[in-house]
Amino acid sequence: MTYLALEAFEGHGVVGAFSTRLGGSSPAPYDTLNLGTSVGDDSARVTGNRFAFWQAAGVDPDMVVKTDQVHSDRVARVGRQDAGGVAREADALITCEPGVVLTAYFADCTPIFYLDPARRAVGLAHAGWRGTVKGIAERVVQRMTEEFGTAPGDLIVAIGPSIGPCCYEVDEDVAVQAERAFPGGGVLSATRGKWILDLWRANEAALLRAGVKRNNIVRAGLCTACLSHLFFSHRRDGRRTGRMGAVLSIAGRGCGTSR
């Protein structure tokens, strides 16, 4: 089992990880650690892969909460009563309850992990280009402030592996929306008559706008489209490919046990 740990969160009493494509049981083209249930892989293999990843990462499979990932800017607060369930019409989860496992799945979109070490709260966002231009990265900060009293300057945020500016060509409609959301922000460039969108820079800009300190934002800097030996990629492989997973959970004391 090969996965990436969140070094920026070490020592803060949380468990956070991002899977690779290595260490599972799925055959090609889902080889081998596919965690996606709707991509055509055998469901029993996917279930086995998910449990293996969760156990390797050190989280309780019975406490997992996920979203249905509709490329929105909606953030759902969840707790122990939501374990095993799905937060509908959402693309980000927040909690301050120990043991609750926030999860999301990816094959080029950007995972964003949030930790408030002062208030003992965490968040996890799924940010594709739509969620990025809608400001989901910023919206998570706002919701954590509203729900937990988070001070944005206290947050530590990790931007995980996703498709990088080296590989993410977009059409004019996407470019127009990105420029409108981040005017003059340097999230777009042009090469060979194509627009290139930098999701890492765009989400970092949104976090800075929300009050997160630059020194508290960490980028993995790993492109899922480039690193075919480590990651699945929808852009590179098309629809017949797998999904990576992200998990985030408070292992120690949290800020509350109910909504």
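Within the stretch 104-158, track down each residue that is assigned to a loop (DSSP other than H, G, I, E, B) and of a type in the set (Ser, Thr, Tyr).
Result: Thr150, single match.
Spot the failing condition for Val218; the list is (1) touching a residue at least 60 places away in the same chain (Cβ under 8 Å); (2) closer than 12 Å to Ile159 by Cβ; (3) more than 14 Å from the chain's Cα centre (by Cα), and only one is missed.
Every condition holds for Val218 apart from (3).
Among all residue pairs at least 6 apart or on different chains, which show Cβ distances below 7 Å where the first residue, located in the stretch 221-241, is over 22 Å from Ala8 (Cβ atoms) and the second is of a type in the set (Lys, Arg) and part of a loop (DSSP other than H, G, I, E, B)?
Phe232/Arg21; Phe232/Arg243
Which residues, counting only those in the stretch 3-21, are touching a residue at least 60 places away in the same chain (Cβ under 8 Å) and closer than 13 Å to Gly245 by Cβ?
Leu4, Gly16, Ala17, Phe18, Ser19, Thr20, Arg21 - these are the residues of the stretch 3-21 that are touching a residue at least 60 places away in the same chain (Cβ under 8 Å) and closer than 13 Å to Gly245 by Cβ.
Quickly run through the stretch 1-32 and pick out the residues that are over 30 Å from Asp116 (Cβ atoms) and either in contact with a strand residue (DSSP E or B) (Cβ under 6 Å, 6 or more places away or on another chain) or surrounded by fewer than 22 Cβ atoms within 10 Å (Cβ to Cβ) (or both).
Leu22, Gly23, Ser25, Ser26, Pro27, Ala28, Pro29, Asp31, Thr32
We did not get these values from a lab; they are worked out from the coordinates using the rules stated. Note that the coordinates shown come from a computational prediction; the quantities given were computed from them, not determined experimentally. Positions of Cβ are backbone-derived with ideal geometry, glycine not excepted, and every protein chain shown enters the neighbour counts.
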